[in-house]
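Below is one structure, written out as structure tokens; the observations come after it.
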Amino acid sequence: MRCAVIGAGAWGTALADLLARNGHDTTIWALEPDVAASINVRHENERFLHGFVLAPSLHATNEQDQALRDAELVVYAVPSQHLRAVARAGAVCVSPGAILAVATKGIERGTLSLMTDVIASELAQRPVVAISGPSFAEEVVRRQPTAIVAASVDEGAAVIVQDALSNSSFRVYTSDDVAGVELGGSLKNVMAVATGIVEGVGLGYNSRAALITRGLHEMTRLGVALGARSSTFAGLAGIGDLVLTCTGTLSRNRHVGVELAHGRSIDDVVAGMKMVAEGVKTTTAALALGERHGIELPIATQMDAVLSGRRTVAAAVEELMLRPQKTEQESY
């Protein structure tokens, strides 16, 4: 297939490398000129995925029209709060019959739209597929066994994305629960910031296990309120991605939480990172979604208070532990 990947961060680069190694004619669009030059000249994304040799056939460009020309599959992998603007800028260059895959994880602030809804609104009348699951970019490029989910209401489009990405080290399952898959991928970043805080203040495995488990429950409650299936949160895009992001040392969102617990300000932490930690922006959007649907989100509430500087890390942990007692299995 002729494939375009829009966004040359670590995850976009890993997916572009995967498509190229699978034999697809793949071009990746990068915002930064040095990134495109690095990929084309040295077959490496030195800025965002340093030290990994990319497929020699992978081509990079700073022009969306060059990347999108005649592409049958377009994969979007730009930060969530920039997705709409980037998609809109290249919309006229996207082929009418192209399948659009969205690898961005997040909730758009203001509109509270999921990422597939953002793409569908900017590029109407094309099938849209959400890609999510436990997948650190570095491990995908190393070709370590990885499994993710491709979700769409268009079963045929999901199968095409599944076939395009799958190989002996990268397994793709399909689903029709787009909301569940997207919310799992988005909300786990909020929980990863919280887990990083727990780790950073020196709390142990008991605390981490409790937070991850209650975080999954919180994610599921909101997901079901938005029409998702609870079973999706027990799968790769739910518990799978949650555990990876909350415990893996490569997790940017977990890193944010650890640094906050060590006393650094959120502005200082974010300024020192090359790539976006989506959980920072997603927290506020998730709370707004919860308010819209009448769903209480205790962990997200405390994370929002910490990120905004309204509450200390210690006070947030205490607040969660002193909430009113309840039965474990609340109704979704």
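Applying a 10 Å radius around every beta-carbon, put 288-296, 12-20, 27-35 in order of their mean neighbour count, most first. Intermediate results must be reported in sequence, preceding the final value.
Details: 288-296: 14.6, 12-20: 26.7, 27-35: 20.1.
For the peptides 288-296, 12-20, 27-35, the packing ranking is 12-20, 27-35, 288-296.
Express in nm, to one decimal, how much length is gained between residue 296 and residue 41 on full extension, taking 0.36 nm for each residue of separation and deducting their alpha carbon distance.
That works out to 86.7 nm of additional length.
By how many degrees, between 0 and 90 and to the nearest 10, does the Cα long axis of helix 178-200 differ from the longest principal axis of the chain?
Its long axis makes an angle of about 60 degrees.
Rank the residues 191, 1 as a footprinting-exposure proxy: fewest other Cβ atoms within 10 Å of their Cβ go first. Don't jump to the answer; show the numbers that get you there.
On the way: 191 29, 1 15.
In order of increasing Cβ crowding within 10 Å: 1, 191.
Taking every pair of alpha-carbon atoms in segment 2-176, give the share separated by more than 24 Å as a whole percent.
On the way: 4266 of 15225 pairs.
Result for the distance tail: 28 percent.
Would you mind computing Rg(Cα) / (2.2 N^0.38 Å) for segment 179-321, counting N as its residues? Please list the in-between numbers first.
Details: Rg = 13.8 Å, N = 143, 2.2 N^0.38 = 14.5 Å.
That works out to 0.95 for segment 179-321.
Relative to the longest principal axis of the C-alpha atoms of the chain, give the angle of the C-alpha long axis of helix 252-261, reported between 0 and 90° and rounded to the nearest 10°.
Tilt relative to the chain: about 30 degrees.
Give the residues of segment 53-94 whose amide nitrogen is closer than 13 Å to a point set 7 Å from the Cα of residue 250 in the direction of its Cβ.
Counting backbone N atoms under 13 Å from the label point, the list is 53.
If amide hydrogens are placed 1.01 Å from N in the peptide plane, which non-local residues have theirs closer than 5 Å to the one on residue 45?
When sequence neighbours closer than 5 places are left aside, the close amide H contacts are 52.
Hey, rough spin-label estimate for residue 226 and residue 267, points 7 angstrom out along Cα→Cβ, what's it come to in nanometres?
The answer from the label model is 3.0 nm.
Using θ = phi - 60° and the Karplus relation 6.51 cos²θ - 1.76 cosθ + 1.60, list the HN-Hα couplings for segment 76-91 in order, rounded to whole Hz, with x at every Gly or Pro.
9, 9, 9, x, 4, 7, 10, 4, 4, 5, 5, 5, 5, 5, x, 4
What are the residues whose amide H is under 5 Å from the amide H of residue 5, where those residues sit 5 or more places off or on another chain and H is modelled from the backbone?
Under 5 Å from the amide H of residue 5: 27, 28, 29, 75.
List, in order, the whole-Hz ³J(HN,Hα) value for each residue of segment 44-59 obtained from phi through the Karplus relation with A = 6.51, B = -1.76, C = 1.60 and θ = phi - 60°; use x for Gly and Pro.
Along segment 44-59, the couplings run 8, 8, 5, 6, 10, 9, 5, x, 10, 7, 9, 4, x, 7, 6, 10 Hz.
Spin-label point model (7 Å from Cα, Cβ direction): what's the residue 326 to residue 89 distance in nm?
In this crude spin-label approximation the distance works out to 4.2 nm.
Arrange the following residues from fewest to most other Cβ atoms within 10 Å of their Cβ: 53, 78, 193.
Numbers: 53 10, 78 25, 193 31.
Lowest to highest Cβ neighbour count: 53, 78, 193.
Pull out a ≥ b ≥ c, the square roots of the eigenvalues of the alpha-carbon gyration tensor of segment 93-210, then state rounded if a/c is under 1.5, prolate if not and a/b is larger than b/c, and oblate in the remaining case. Each step should come with its number before you reach the end.
Numbers: a/c = 2.61, a/b = 1.52, b/c = 1.71.
Note, shape of segment 93-210 comes out oblate.
So, by mean Cβ neighbours within 10 angstrom, what's the order for 166-172, 274-280, 308-314 with the highest one leading?
Working: 166-172: 15.3, 274-280: 20.1, 308-314: 13.1.
Ranked from most to least packed, the peptides come out as 274-280, 166-172, 308-314.
Taking the simple approach of a point 7 Å from Cα along Cα-to-Cβ for both residue 275 and residue 57, what is their distance in nm?
2.4 nm
Could you put 76, 173, 205 in order, starting from the residue whose Cβ has the fewest other Cβ atoms within 10 Å? Before the final figure, lay out each step's value.
Details: 76 27, 173 17, 205 9.
Ordered by Cβ neighbours within 10 Å, fewest first: 205, 173, 76.
So what J values fall out for segment 123-140 if you push phi through Karplus, 6.51 cos²θ - 1.76 cosθ + 1.60 with θ = phi - 60°, rounded to Hz, Gly and Pro as x?
These are the phi-based 3J(HN,Hα) values: 9, 5, 6, 9, x, 10, 10, 8, 10, 7, x, x, 7, 6, 4, 4, 6, 5 Hz.
Which far-off residues, 5 or more places away or on another chain, put their amide H under 5 Å from the one on residue 113, with H placed in the peptide plane?
Excluding prolines and chain starts, which carry no amide H, the hits are 108.
Under 24 Å Cα to Cα from residue 281, which lysines show up? Leave out anything in the same chain fewer than 8 places away.
Result set, ordered by chain and number: 105, 188.
No lab work stands behind these numbers, since they all come straight from the coordinates. This structure is a prediction, so every number in the text was calculated from the model and none was measured. A quick note on method: Cβ atoms are made from the backbone with ideal geometry, for glycine too, and the neighbour counts reach across all protein chains shown.
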